Amino acid sequence: MLHIIKYAIKTAVKNRNTFIWTFIFPIALATFMYLAFGNIYNEEFVMKSIPVAVEEGEMQEVLSEFLGGLAQDNGDPYFEVRILDKEGAGKALENGEVSAIITSGAEPSVIVGGEDFKQEIVVSVINSFVRNMRKAGAIRLMTVSEGTDEMQVVLMDETAAEPEVFFVEKSLSKGPQNIYNNFFYAIFAMGCLFSTMGAANLTSKLMPGRTSLSGRLNVCGTSKFKMVVSEMLVYFLVVFIAQMAGYFYMRLIGIELTGDVLAVAGIIAAGALYGVAKGVLIGAIPKISEGIKVGICVGSTMLLSFLADLCTTGIKAGIERTVPIVNRISPAALISDSFMTIYVYEDYGKYFQNLLTLVGMAVVGTSIAIFILSRCRAGKMMLKT
Amino acid sequence: MEYAIEVSKLVKRYKELLALDHFDMTIREGEIFGLLGPNGSGKTTTINCILSLLKYDKGQIRVFGREIKPSDYELKKQIGVVFQEVAVFDELSVRDNIDYFCGLYVDDKVLRKQYVDEAIKFVGLENYEKFVPGKLSGGLLRRLNIACGIAHKPKLIFFDEPTVAVDPQSRNNILEGIVKLRDAGATIVYTSHYMEEVEQICDRILIMDKGKAVATGTAEELKNMTKNRETITLETDALTDADLEVMKGLPHVYDISYENGVLSLYYSAGRNNLVRVVNYLQEKDIAFTNVHSKVPTLNDVFLEITGKELRD
């Protein structure tokens, strides 16, 4: 068996097409996605404070304190506040020194010079501020009419000073909850599933009647079990290494996939094993042409990816409501869910359940393939007669 | 008598086409057995059925006394195959290819290295060990194909048209090599539609047509099946009807034709037939030219049995 593995590795490494594309797929896809969603990961975007001008007026102190007090997770302020007179603020906006001007009248408003995301953030924050200010005013009016002055003071104090905290937001995850990470999980899932094509091709050389090489391999004195398992193992390693290379590449370019490398390796290993086993099984189907096998590989991979929201969104949730069993056995769903279990939920029970399901399906598929291959005789030879 | 292969009443259909029609064949151990027939006669189908690569509809096949099955790896270890199409890995070097296929039969590393060295020497690829198949000429590629099929020293070797599209020098090397393998004790099954090759190296020959065995025997035995044993042709313009009557009466002549100045004499047996014809013409002082004596070939045998040429 070591003999076959040794030469399967040599063949795989020297087969440039398969080798290079297996490695290029996750890296290229990650690069394209990074270019598409790159700003999400761009520290300049996240960290840099938005310069705003607060016009001099009755609310200037409140607004300045409110905006200056809004801080990011890392402690940096969201806004860089400058108090300017009306003319100075106008010039600063014209020159692009500030993204917006906030008027300091009885009810503040926002003047923006464009429609980019920074200005949208300023508008959103000030709108929120004004809404809260109105609510506080309404409560004050209500309590005054009922003659409960004590309550009024408390509310005024709460509005002006530190509010009393009733709810604490607590993250269930150590890791990032960026929704765009789902697209990068999808790369691994699709990479694992697309390995079915290479594996199906690999099995074809063991099918009697396909080529003269398959004929020679079929009359040799080595069992099909050893040959299939050896070839599978090598191809699995190629896919696994390629996917892990993709993972480290993603980390290198700044995608938030930090954390437990072993857990990620476990998902990729189980996914790659499933993909290769599925390909071996498809390749072992007798009496159908190579073209049909490739069609089955591509079609099933696309369907499974679609059902698991790897191509679009909303399908998986619909399936969860109607036929949840599909999500429990769909390999694409299992792979992407496994990433969620380690990055979002930290649910290792679910993580291991997903991995065991994938490995179990791989073992069953491989066993069926070996059973077919070891008993298979061609009905029609593709060899020249 | 020990038989390497016994095929009995073998039937194989490809939908409407009857590829093997109750085909019978026995091959003795230690002989080169030739399967001769035109393209589509069923030669490769027979081999693929014997090798358990192809399902067959009826009949029985025994190899070294055992019915061969796809999972009978012990029996398969005694078999080597050289297919018509080159069956090697493009990514591996000459030595690696031979070592890979040999390793599917021989586990012992030391023994395997010895076998691989011997196979490389046997086919004369010593100077090309590190070459990949893509860098080899057609003839060298065929030699590599053979080395991959025989490196593990099988007792039974199938050669399926190994000389197709091979240059004359490589063809001779291949044919000499096959005889050496037989001399070393292997049983060879050799299929070809080149009757000269089959006649040259095979101990016994089976002629196939339309999935049936039409004749079996040594080359001489097969030729003896034909009525014609020699045909003499010569060109002359001076023959009279009287001369033709005399020649028709020469020993063993069973037919004669004289058209456009070409005389043809057909003999059913005999020796020195040509001398008698030449002596007669000299006695009569008749000028002649372009004299040919042709003994029957396996193609003539095939033609006489089936009514068509081997290469039709």
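The values are calculated or read from the model by the stated rules, or taken from the named source; none is laboratory data. Computed from a prediction, not measured in an experiment: that's the story for all the values here. Quick reminder, even Gly has a Cβ in these numbers, built from the backbone with ideal geometry, and neighbours come from all protein chains shown.
Within segment A:97-108, how many residues are touching a strand residue (DSSP E or B) at 6+ places or on another chain (Cβ under 9 Å) and over 19 Å from A:GLY68 (Cβ atoms)?
Matching residues across segment A:97-108 total 1.
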Matching residues, segment A:200-211, being within 13 Å of chain B (Cβ to nearest Cβ) and touching a residue at least 40 places away in the same chain (Cβ under 8 Å): A:LEU202, A:LEU206, A:MET207, A:PRO208, A:GLY209, A:ARG210, A:THR211
Being surrounded by fewer than 13 Cβ atoms within 10 Å (Cβ to Cβ), assigned by TED's automatic domain parsing to the domain that holds A:PHE194 and more than 24 Å from the chain's Cα centre (by Cα), is that true of even one residue in segment A:308-316? no
Boolean, A:MET197 is buried (at least 23 other Cβ atoms within 10 Å of the Cβ), assigned to a helix (DSSP H, G or I) and either hydrophobic (A, V, I, L, M, F, W, C) or in contact (Cβ under 8 Å) with a residue 12 or more places away in the chain (or both): no
Hits in segment A:212-234 (condition: part of a helix (DSSP H, G or I), touching a residue at least 60 places away in the same chain (Cβ under 8 Å) and within 14 Å of another protein chain (Cβ to nearest Cβ)): A:SER212, A:GLY215, A:LYS224, A:PHE225, A:LYS226, A:MET227, A:VAL228, A:SER230, A:GLU231, A:VAL234
State whether the residues of segment B:234-251 include one that is touching a helix residue (DSSP H, G or I) at 6+ places or on another chain (Cβ under 9 Å) and basic (Lys, Arg). no
Condition first: at pLDDT below 85, of a type in the set (A, V, I, L, M), in a helix (DSSP H, G or I) and surrounded by 14 or more Cβ atoms within 10 Å (Cβ to Cβ). Can you find one or more residues in segment A:66-82 that meet it? yes
Return a yes/no flag: does segment B:58-67 have any residue that is under 19 Å from A:SER223 (Cα atoms), charged (D, E, K, R) and over 22 Å from the mean Cα position of the chain (by Cα). yes
Spot the failing condition for B:VAL81; the list is (1) under 21 Å from A:TYR7 (Cα atoms); (2) at pLDDT 90 or above, and only one is missed. (2)
Single residue of segment B:275-300 satisfying the filter (among the hydrophobic types (A, V, I, L, M, F, W, C) and crowded, with 17+ Cβ neighbours inside 10 Å) that is modelled with the lowest pLDDT: B:LEU298
Report yes if some residue within segment A:235-242 is among the aromatic types (Phe, Trp, Tyr), in contact with a Ser or Thr (Cβ under 8 Å, 6 or more places away or on another chain), closer than 29 Å to B:GLY149 by Cβ and in a helix (DSSP H, G or I); otherwise report no. yes
Which members of segment B:198-247 meet the condition of being of a type in the set (Gly, Ala, Ser), in a loop (DSSP other than H, G, I, E, B) and assigned by TED's automatic domain parsing to the domain that holds B:ALA287? B:ALA238
Just checking, which of B:ARG204, B:ARG171, B:ARG142, B:ARG229 is surrounded by 20 or more Cβ atoms within 10 Å (Cβ to Cβ) and among the basic types (Lys, Arg)? B:ARG142
Going residue by residue through segment A:208-216, is there one that turns out to be at pLDDT 80 or above and more than 27 Å from A:THR301 (Cβ to Cβ)? yes
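Test B:ALA269 against the stated conditions and say whether it is more than 24 Å from B:GLU199 (Cβ to Cβ), of a type outside the set (D, E, K, R) and exposed (fewer than 15 other Cβ atoms within 10 Å of the Cβ).
no
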Look at B:TYR128 and say whether it is under 28 Å from B:SER52 (Cα atoms) and either at pLDDT 90 or above or not assigned by TED's automatic domain parsing to the domain that holds B:ARG66 (or both). no
Determine whether segment B:64-71 contains at least one residue that is surrounded by 15 or more Cβ atoms within 10 Å (Cβ to Cβ), outside any loop (DSSP other than H, G, I, E, B), touching an Asp or Glu at 6+ places or on another chain (Cβ under 8 Å) and more than 9 Å from chain A (Cβ to nearest Cβ). no
Somewhere in segment B:37-48, is a residue over 24 Å from A:LYS14 (Cα atoms), more than 10 Å from chain A (Cβ to nearest Cβ) and outside any helix (DSSP H, G or I)? yes
Which condition from (1) of a type in the set (Phe, Trp, Tyr); (2) buried (at least 22 other Cβ atoms within 10 Å of the Cβ); (3) within 24 Å of the chain's Cα centre (by Cα) is the one that B:PHE122 breaks? (2)
Of all residues making up segment B:52-63, the number that are more than 10 Å from chain A (Cβ to nearest Cβ) and buried (at least 18 other Cβ atoms within 10 Å of the Cβ): 2
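Do you know which residues across segment B:100-115 are in a helix (DSSP H, G or I) and more than 8 Å from chain A (Cβ to nearest Cβ)?
Residues satisfying the conditions are B:CYS102, B:LYS109, B:VAL110, B:LEU111, B:ARG112, B:LYS113, B:GLN114, B:TYR115.
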Subset of segment B:41-88 (residues that are aromatic (Phe, Trp, Tyr) and on the phi > 0 side of the Ramachandran plot): B:PHE64
Within segment B:77-99, of all residues that are surrounded by fewer than 23 Cβ atoms within 10 Å (Cβ to Cβ) and more than 18 Å from B:PHE159 (Cα to Cα), the one farthest from the other protein chains (Cβ to nearest Cβ) is B:ARG95
Residue within segment A:337-349 that is at positive phi, surrounded by fewer than 15 Cβ atoms within 10 Å (Cβ to Cβ) and within 22 Å of the chain's Cα centre (by Cα) present: no
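For segment A:1-17, which residues satisfy the criterion of being touching a Lys or Arg at 6+ places or on another chain (Cβ under 9 Å) and more than 8 Å from chain B (Cβ to nearest Cβ)?
A:MET1
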